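Since the structure comes first, as structure tokens, the remarks are kept for the end.
The values are calculated or read from the model by the stated rules, or taken from the named source; none is laboratory data. It should be emphasised that the depicted structure is a prediction, and the values quoted were computed from it without experimental measurement. Don't worry about glycine lacking a Cβ; one is built from the backbone with ideal geometry, like all the others, and counts go over all protein chains shown. For accessibility, only protein heavy atoms count, side chains too; no ligands or nucleic acids. Shrake-Rupley method; radii C 1.70, N 1.55, O 1.52, S 1.80 Å.
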Amino acid sequence: MTAGRLPLVLTHGTAALLAAGSLCLTLWRGLDDPVVALAFGALVAVGELSRWSGSDEREPAPLGAAGALSYALLGQNAGQPTHHGVPQVVTVVLAATLVGCVPHVARGHGSTADHLTRRLLTVAFATLCFQPLYHRGELHGWDGPACALLVVALLVLTALCDAVLAAALAHSRTRWPFGPLLRDELRARLGIGSAVCATGAVMSPAVAVVGLWALPVFSLPLLLTQLSYRRYAAVRTTYRQTITSLARATEIAGYTPAGHARRVATLSRAVGRELGLTEPELTVLEYAALMHDIGQLSLVDPVPAGATAALPAEEQRRIALLGGAVVRQTGVDAEVAVVVERQADPYREQPVSARIVRAVNAYEEMVREEAGPGGPLSALERLRLACARDYEPEVVESLARVLQRDGLTLPTAG
């Protein structure tokens, strides 16, 4: 087992031990307030069934998350105190999440292990912070505003815990830098995460006053929010497909080899992650990498094999400016056009996204020229030798690290 996989194994092992222990204790003691447990379990299961798959959202099942958190922070049902503890909450959430995940697992959608691990650990954290205090009577003297502030504080801490877990799991699986991953996770919590926390904070007091009828009432706004996010994700997917189709125009016209733009975009995004770019910056980088050769459509005579890295600097700039003009005419984000226009500028004057596209494009062209097992190594060494004049050294070394993680053995940088 490598050291990078150790946090992943420990996190999954902790969640498995927690699930097994909670299940055994609940089966031994029996369910307290079974009607309440069944109602919240059904809510979590419905939330998991309605989650979306294949999107980039950090919380694919917001209704399931809100239902689990509200059950963890529930102290009363229609004025009557509840008696469930940490083991029962974990068991109910585990069973409901597994039931809701069955269709997604059958279709092969989503990462169920990481999703279930995060759900169990965050719910256990929230329950452990709230239920012992409530059952010992330490919260009975708190008035409404003070109790509401406590619930909000616990939900914020739980969201932070979930963000750290998500970033740690992604870091263990991909070896991307932990800091940018955590930053993206925290930024994502300001979106749908805020709606999840708000619904969880309101749902528990509502059930405490009016009973279980509050669950469907307070679930409806979050369902509508989820529907809006799903439509937004569909629009974003269509937008990416449109850009990909535009990028293929150079391949269809015979100006660039098949798959060149896609390979440059994939590798550029990986290098951008290695350098710590945020998710919006990575999106701009990906779109610019897909369309970096579109200026060649304005040429009368195609460049041999579409290899622009070996052209004179003035010719590279002319093609880049033509490409930026084409991108602006398509209605794509102006930031993408700027990156396309400036990919041929001296690297010290370029934005970081343009430096990445320039280096990755040159690497891909060099590998294509030097076919054979030694091609990637030779291409990387050529990039390193040209760092003083043409390529950002930090970008080239980040590219080397990305390639090394993919199984390419690289020489030590000189």
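Might you tell me the accessible area per residue for the chain, computed with a 1.4 Å probe and given in Å²? Could the numbers behind the result be given before it?
Values: 19160 Å² over 414 residues.
Per residue, the chain has an accessible area of 46 Å².
Can you run phi through the Karplus equation (6.51, -1.76, 1.60; θ = phi - 60°) for the range 237-248 and list ³J(HN,Hα) in whole Hz, with x for Gly and Pro?
Values per residue, Gly and Pro as x: 5, 4, 4, 5, 5, 5, 5, 4, 5, 4, 5, 6 Hz.
Using a 1.4 Å probe on the protein heavy atoms, what percent of the accessible area of the range 160-223 belongs to carbon and sulfur?
Ligands and nucleic acids excluded, carbon and sulfur give 79 percent.
Determine ³J(HN,Hα), in whole Hz, for all residues of the range 347-356 in sequence, where each value follows from phi through the Karplus function 6.51 cos²θ - 1.76 cosθ + 1.60 and θ = phi - 60°; x replaces Gly and Pro.
4, 5, 9, 8, x, 4, 5, 5, 5, 5
If you build a Gaussian network model of the chain, linking Cα atoms that sit under 10 Å apart, which residue out of VAL92, VAL326, VAL303 swings the most?
Top of the fluctuation ranking is VAL303.
Once you have the Cα-Cα distance between THR14 and ALA253, take 0.36 nm times their residue separation minus that, and quote the gain in nm to one decimal.
80.6 nm
So which trypsin sites (Lys or Arg not before Pro) in the range 118-194 pass both tests, a DSSP loop state and at most 12 other Cβ atoms within 10 Å of the Cβ?
Details: sites: ARG118, ARG119, ARG136, ARG173, ARG175, ARG183, ARG187, ARG189; in loops: ARG136, ARG175.
Loop-located and lightly packed - ARG136.
What are the ³J(HN,Hα) couplings of the range 21-38, residue after residue, when phi is run through the Karplus curve with 6.51, -1.76, 1.60 and θ = phi - 60°? Round to Hz, x for glycine and proline.
Each residue's phi maps through the Karplus curve to give x, 5, 5, 5, 5, 5, 5, 6, 8, x, 7, 8, 6, x, 5, 5, 4, 5 Hz.
Using only the alpha-carbon atoms, how far is helix 393-405 inclined from the longest principal axis of the chain? Give it as 0 to 90 degrees, nearest 10.
60 degrees
Kindly provide the trypsin sites (Lys or Arg not before Pro) of the range 322-374 that DSSP labels as loop, not H, G, I, E or B, and whose Cβ sees at most 11 other Cβ atoms within 10 Å.
Listed in order of number, the matching sites amount to none.
Which of the following values of mean projected area of the Cα convex hull in nm² was calculated from the structure shown: [x] 23.3; [y] 18.8; [z] 21.6?
Checked against the structure: label [x].
Quick check: the angle from helix 313-330's long axis to the longest principal axis of the chain, C-alpha only, nearest 10 degrees?
On a 0 to 90 degree scale, this one is about 40.
Considering amide H positions built from the backbone, and no H for Pro or chain starts, which residues 5 or more places from ASN77, or on another chain, come under 5 Å of its amide H?
THR82
Measuring from label point to label point, each 7 Å out along Cα→Cβ, what is the GLU370 to LEU224 span in nm?
The modelled label-to-label distance comes out at 6.1 nm.
Just to be sure I follow the definition: excluding the sites themselves, where is the longest run in the chain that has none of the chymotrypsin sites (Phe, Trp or Tyr not before Pro) in a DSSP loop with at most 15 other Cβ atoms within 10 Å?
Details: sites that count: TRP142, TRP213.
Looking at the chain, 214-414 is the longest stretch - no exposed chymotrypsin sites (Phe, Trp or Tyr not before Pro) with at most 15 other Cβ atoms within 10 Å.
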